[in-house]
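What follows is a short report on a single structure.
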Amino acid sequence: MPKKTTMSDIAAELGISTVTVSKALSGQKGVSEEMRRRIIEIAEERGYQKSSSAREIESFKIGILIGSRYLGNIDSFYGHMYQIFSAKAAKMGSFTMLEVLADEDEKNLEPPKLIGDGNVDAIVIMGALNEDYLRMLDEKLSTPVFYMDFSDRKHQKDSVISGSFYGAYILTNYLFDKGHTEIGYVGTILATPSITDRYLGYCRALMEHGLEAKKEWVLDDRDMKTQVVDMENNIKLPKKMPTAFVCNCDLSASMFIKYLKEKGYRVPQDISVVGYDDFVYSGSNDIGITTYKVDMEEMVRRTLKRILHTLKGEQYRGGLSIVEGHLVERDSVKRLTL
């Protein structure tokens, strides 16, 4: 039985991207009439037929763009997310190309080099980049772009994020259930959308218990510009400490626990700490951190599904997709006597 002609075959023959073929065959904009005519002619000559089966596999090149500030070491959250993404894409017959965006290139609005326009069929941005850079990508790239772990209402891109607001809300209420009423937050507000969403979830839980967030109990963990988590240069402990802290991520929680120990506090005997994401870093504390687990597998699955729908010219419901996680209890929280 002869091999069926795919969109990838047509793209290779014409020296264009699979996305262009998909747009032409599905009647979408973004393709010149001359190119559309050539694509349709070749598709008819080769006997191309769009499969009605959802299991049809096309081979796509997917570019992943991650800011260098998010990849400080091998044990990075987004590095792990990329590994999951690459493995799942391969199982679907596609492959990925990773480009790390230098801080200087982001600042100077330098377009991606490796995965620039035409080199890949789709681009996934993992982790928030600055507004000017995202706007530049919109203006210069015709390649479809997808966001992971952040969203931006101005650009209205397909975005898949974890349930940051609700996750932090659950963590804060967990501390209340353990008898804590004096609860602080560790995370530089507005540094990233995720940190801000988690802060707002923390605030909602406080409000429902008749409390307000105290300014002196909301501690910065990183520099707004570099995004580097640095307790020594950013944390300013209050004179009167709360009995517990909600940290915006497990990296901050781990570093904060070490910082507290250096200042003479014991966790959880003196201060209870919870994190967010359930990502284990090498060289982290001996104590297990109670946290809210991010479902990376599901985030990747949803993003890939949207990419395939787009590249195949299929209709689907896009926009923002929120992936919920779940609470993971460990040893970093002490129950207070009620």
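The values are calculated or read from the model by the stated rules, or taken from the named source; none is laboratory data. The structure displayed is predicted, hence computed values, not measured ones. So basically every Cβ, Gly included, is an ideal-geometry build from the backbone, and we count neighbours across all protein chains shown.
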Checklist entry - For segment 291-329, how many residues are at pLDDT 95 or above and more than 21 Å from the chain's Cα centre (by Cα)? => result 1
Checklist entry - If we keep just the residues of segment 135-150 that are over 21 Å from residue 311 (Cβ atoms) and not basic (Lys, Arg), which is surrounded by the fewest Cβ atoms within 10 Å (Cβ to Cβ)? => result 139
Next on the checklist: touching a Phe, Trp or Tyr at 6+ places or on another chain (Cβ under 6 Å), of a type in the set (Ser, Thr, Tyr) and more than 26 Å from residue 64 (Cα to Cα): is that true of residue 185 in this structure?
Outcome noted: yes
Item to check | Residue check for residue 171: at pLDDT 95 or above, buried (at least 19 other Cβ atoms within 10 Å of the Cβ) and in contact with a Gly (Cβ under 7 Å, 6 or more places away or on another chain) | outcome: no
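Which residue, of 86, 8, is surrounded by 14 or more Cβ atoms within 10 Å (Cβ to Cβ), modelled with pLDDT under 85 and either in a loop (DSSP other than H, G, I, E, B) or in contact with a Phe, Trp or Tyr (Cβ under 9 Å, 6 or more places away or on another chain) (or both)?
Values: 86 fails: modelled with pLDDT under 85.
Going through 86, 8 in turn, the sole match is 8.
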Checklist entry - Of the residues 106, 110, which single one is outside the structural domain of residue 226 (by TED's automatic domain parsing), of a type outside the set (Gly, Ala, Ser) and outside any loop (DSSP other than H, G, I, E, B)? => result 106
Checklist entry - For segment 134-156, what are the residues that are touching a residue at least 60 places away in the same chain (Cβ under 8 Å) and among the aromatic types (Phe, Trp, Tyr)? => result 146
